[in-house]
Every structure is written in C-alpha cells, then in structure tokens.
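The values are calculated or read from the model by the stated rules, or taken from the named source; none is laboratory data. Every value quoted in this text rests on a predicted model; they were computed, and no experiment measured them. Every residue, glycine as well, gets a Cβ built from its backbone with ideal geometry; the counts of neighbours run over all protein chains shown.
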Amino acid sequence: MVKVYWTCEIVSRNDVPTQASATEKPSNNSSPNVFIYLTQTEQCLPPNLASSSEIGDPKTCNCDVIVLSFRTKCQVRKWPHITYQFYPSSTWGTGRNVLYFAAIARSPGYHYYIFLDEDVVLRFNSFAPPEMKRLPPYRVFEKWLLDYEPAVGILDYTGHHGAKWTNDRRKKVCNKTDSPLVIPTVWYDAIFNAFHYKSIEHLFPYRTRYERKSWWSQQYFMFSAVELIFRGQALMFMPVTADNPKHRPYPGYSPNLNRYWREYIDTIREEAPLIYRNRSLFKNLKQHLEGYVISTRTYCMNVTRHQSIKPYAHFDSQTEI
C-alpha cells in the first residue's frame, strides 16, 4: 500500500488532474506486448519488481509497465518498456484509476491489465507441481492467463481468502474432494489482479467515494462487481502466492464498512441493464455479504478455458445457484 493522501473521486478520464503528469509519454503501444503492469511507488520501480524474473527486463517480460510515482519523480531511464506518471497527491484507489486511464489510452491495447502493489513478491506454494517451477512465477502466471483467459486472474494470498481457504470452501460447499489448480473465487485481495481487456471496461474505475474512511472498501466494490457481472470468471491460480512484506499505515477497517459495501452493491445494480436488476443475486449478496462469500456456489461453477467474456452472461446461461 502507498502513503495516504486525500483527493477527489476519479471516475472518468476527464477527472484525472493535470498534476498526474507523464514524465515519459508514449502515446501508442507500438510493441506486440500483451501484458501491461501497473503499479504505484514512492519514486522508481522497486528492486523486487525490477529484475529479469519479474517485470524489469523487456527481454524476459512480454510486457510494458506504467509506474505512478507519488512522492518524487523518477529520473531513471533504464528500459524503454517502463514509463512513469507523477501524481504527488495519490491515494491507492485514485492512483489505480490514474494508471487505468493512462493504460487504456494507448493504442493498440493489451490483452491483460495487471495491477500490483509495489511490494509484491511472487513465489510457488505447495499446490505447484515440480515441473511448473522451471520458470519464474511471473512467467508461469502469464502463460496461465493466456491458456485460460479468465475475466480476472487472481493469485493465492497469505493474508486472507487465499488458495487453501478457497479450496476448503469449494470442498465444503460443493462436496468436492479434489484440489484443482484453478478455482472460481469471490473475495480476494487487490495485491495482484489481472483484468482481461474484455472485462476491464465493465469494472473500472474503482469507486473511491469512501477512501478517506477505508481503502478496503474500494476492493469490496471491485470483487463485488466481478461477482455480479462476471460470476464464476474470477479464477484463482492456486500454485502461485503473492506476498507483501512491506506494510505502511493506511485507513483499512471502518465500522461502516458493511454499509459502504451495500451501497456499492446498489451502485452496481443501478448500473446494470434493466433486464438484470431484479435478479436475486444482487439481493443475496447485499443481504448476506460475508455470509454469501462463505456459502455461495460460485466455487462450484465449471472452469472453462477461453470462456466467452460477456457481462451478465451468467444470468442468461443458467439458473441462479
């Protein structure tokens, strides 16, 4: 997480303040890269992300990178695939929105838009078979994204609602005994999330109206939107864990968090096409919140490679479960 500053809500490209200036400004994605990584940090891309095993070397990463510097402009110009935005009054959610609008302004676009916290470290866990470990975790995750094409790609996280927790919920709710490497999920941390180009326009920007009170609320909006719009297509790649060893103070918990959560669900419902607004899924999630996350049969939905990514298609294709 990054340092706390307070700003206005950014919900469209026109809302991006002029102080969110590009220190380098490529207007086009002239490379054939299919991934773009988007992160925020104090100044320059940190060492844990800058190696050839991560996203620092264009020879090993088929990617571009945009870094939002929130304290000091980065003067380092080592690799052409990395560009910088300087926004000295950024918060976590507002900064991600600035990065989002900067990324989608590029033409042509990317296949996956991958948002990650600056301190993230990827590693293999006990779900990973030995042969998978021949490549670095970043490269394995990228290959998996193109192999499965989830609407949103998620990694295990040690803090909460990680691979073991999700696997246990699937076994209990769905009466399963196996432990697959890919499972549909509902609640996940924002530390490392990959958004398919067909889904991101229906999910972003983050709604930041309550970020003065709780940064957690912004991710509550996001995973709720994914569940309601692309149910069953947020897939967790179980064998790779995202850790974040650095912890800065920020406004996380709020006693009003459930109220914010319910208001965000109302917002998502109001923005849905009229034919879907009375579906019981909206009511169930709003009424039960964490109880829904614990008991939903989303974990039981079939995982299909290259499943069509169409908003609200789950309402049309099956009876609500």
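In the range 142-159, is there at least one residue being among the charged types (D, E, K, R), farther than 23 Å from ASP57 by Cβ and assigned to a loop (DSSP other than H, G, I, E, B)?
Taking every residue of the range 142-159 in turn, at least one turns out to be among the charged types (D, E, K, R), farther than 23 Å from ASP57 by Cβ and assigned to a loop (DSSP other than H, G, I, E, B).
Across the range 282-321, which residue is surrounded by the most Cβ atoms within 10 Å (Cβ to Cβ) among those that are outside any helix (DSSP H, G or I), in contact (Cβ under 8 Å) with a residue 60 or more places away in the chain and polar (S, T, N, Q)?
THR296
Residue by residue through the range 172-221, note down the ones that are more than 19 Å from ASN244 (Cα to Cα), hydrophobic (A, V, I, L, M, F, W, C) and buried (at least 16 other Cβ atoms within 10 Å of the Cβ).
Within the range 172-221, LEU181, VAL182, ILE183, VAL186, PHE195, ILE200, LEU203, PHE204, PHE221 qualify.
Return the pair list, or none, for Cβ contacts closer than 6 Å from residues in the range 72-83 that are not assigned by the TED database to the domain that holds PRO47 and assigned to a loop (DSSP other than H, G, I, E, B) to residues that are among the basic types (Lys, Arg) and surrounded by fewer than 19 Cβ atoms within 10 Å (Cβ to Cβ), at least 6 apart or on different chains.
Hits for this filter: zero, empty list.
Could you tell me whether any residue of the range 225-239 is closer than 21 Å to HIS111 by Cα and in contact with a Lys or Arg (Cβ under 8 Å, 6 or more places away or on another chain)?
no
Go through the residues of the range 88-102 one by one and say whether even a single one is without any contact (Cβ under 8 Å) to a residue 60 or more places away in the chain, within 17 Å of LEU38 (Cβ to Cβ) and touching a strand residue (DSSP E or B) at 6+ places or on another chain (Cβ under 8 Å).
Taking every residue of the range 88-102 in turn, none turns out to be without any contact (Cβ under 8 Å) to a residue 60 or more places away in the chain, within 17 Å of LEU38 (Cβ to Cβ) and touching a strand residue (DSSP E or B) at 6+ places or on another chain (Cβ under 8 Å).
What number of residues within the range 188-236 are part of a helix (DSSP H, G or I) and more than 19 Å from LYS286 (Cα to Cα)?
The total comes to 6.
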